[in-house]
Amino acid sequence: MRIADTRVDEIAEDIYRISTPVPPGALHPHGFSYNQFLIVDEEPLLHHTGMRSMFPLVRRAIETILPLARLRWLSFGHVEADECGAFAALAAAAPNARHLCGQMQAVLAEVNALTDRPPELLGDGGCRTLGKRRVCWLDAPHVPHAWDNGFLFETTTRTLFAGDLLSQEGAGDPPVTEQCLLAASEALRRRIDYFSHAPGTRAAIERLAALRPELVACMHGSAFRGDGGRLLRGLAERVGRG
């Protein structure tokens, strides 16, 4: 389904990818995509909000699946324009929605005045039931960047919302692929190294690999279906080389 230039695809049972492409430019000569992920359950959750300018597109896309007022949770990996730029607009349109996040992110979100509603804090490894589904938060400061960063994992479908890990350029890639993403993501990292290369980076990625995700949902580019643990171990090895 397409809403203007935004595409909506169910990539796992009751998990929808909302993807908005942007045309080639100076930073991304092959184009780029910005993805949000909607988990439909008794307490629906939207992971990533997109940039503030994308709010009308994201809103219309969500409303092809459920009324925006049904949203209960808004989450994202770290405080950055494409991760949470539309947070305040979404929160205003979804009066029952609250921020689901880790402790470090909550502090930075408060500083940036994203919302005056109290967040639901998850400690490292803490989980929240949405109904049939359960999501767990894993702290991962500086991986691949931002000191408040963390990752969300949905345990039923074994979906890892991988944020900026394994980002790929391009604006017309399939919503889901079974092809290894490493070559495409490493090509982008060689050209624009967006990793902070913290001492614990490799160990943090290997921790994600140990979850054995079956779907790796990337914020930029296609999602990967298959042996996500192997994919992430390959990324950890390459990042470990520098």
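Derivation of every value follows stated rules applied to the coordinates shown; laboratory data play no part. None of these values were measured; they are calculated from a predicted model. Glycine also receives a Cβ, built like all others from the backbone with ideal geometry; neighbour counts cover every protein chain displayed.
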Everything considered on the Cα gyration tensor (a ≥ b ≥ c; rounded for a/c under 1.5, else prolate if a/b is larger than b/c, else oblate), the stretch 167-222 must be described as oblate
Charge context of Gly242, other residues only, Cβ under 14 angstrom, K/R +1, D/E -1
+2
Which order results if Arg17, Arg191 are arranged by neighbouring Cβ count within 10 Å, fewest first?
Arg191, Arg17
Ranking of Met54, Met104, Met219 by count of other Cβ atoms within 10 Å, fewest first
Met104, Met54, Met219
Computed on Cα atoms only, the convex hull of the stretch 40-100 has an orientation-averaged projected area in nm² of 3.5
Neighbour net charge for Cys180 - beta-carbon separation under 14 angstrom, K R +1, D E -1:
-1
Work out, in µm²/s and without decimals, the Stokes-Einstein translational diffusion coefficient of the stretch 197-242 at 10 °C, 1.306 mPa s, Rh from Kirkwood over C-alpha pairs.
147
With a cut-off of 18 Å, note down the residues of the stretch 226-241 whose backbone N falls inside the zone around a label point 7 Å from the Cα of Glu13 toward its beta carbon.
226
Would you please classify the overall shape of the stretch 1-70 from the alpha carbon gyration tensor, given that a ≥ b ≥ c denote the square roots of the eigenvalues, rounded means a/c under 1.5, and beyond that prolate means a/b larger than b/c while oblate covers the rest?
prolate
Would you compute, from DSSP H runs of 4+ residues alone, the mean residue ellipticity of the chain at 222 nm, taking -39500 (n - 2.57) per run and dividing by the full residue count, rounded to the nearest 500?
-7000 deg cm²/dmol
Taking every pair of alpha-carbon atoms in the chain, give the share separated by more than 28 Å as a whole percent.
24
Mean shadow area of the stretch 120-214 over all directions, Cα convex hull, nm²
7.1
If you average the alpha carbon positions of the stretch 169-224 and of the stretch 99-144, how far apart do those two centres end up, in angstrom?
21
What net charge do the residues around Arg158 carry, taking every other residue with its C-beta under 12 Å from that of Arg158, with Lys and Arg at +1 and Asp and Glu at -1?
0
What is the Cα convex hull volume of the stretch 14-151 when expressed per residue in Å³?
108
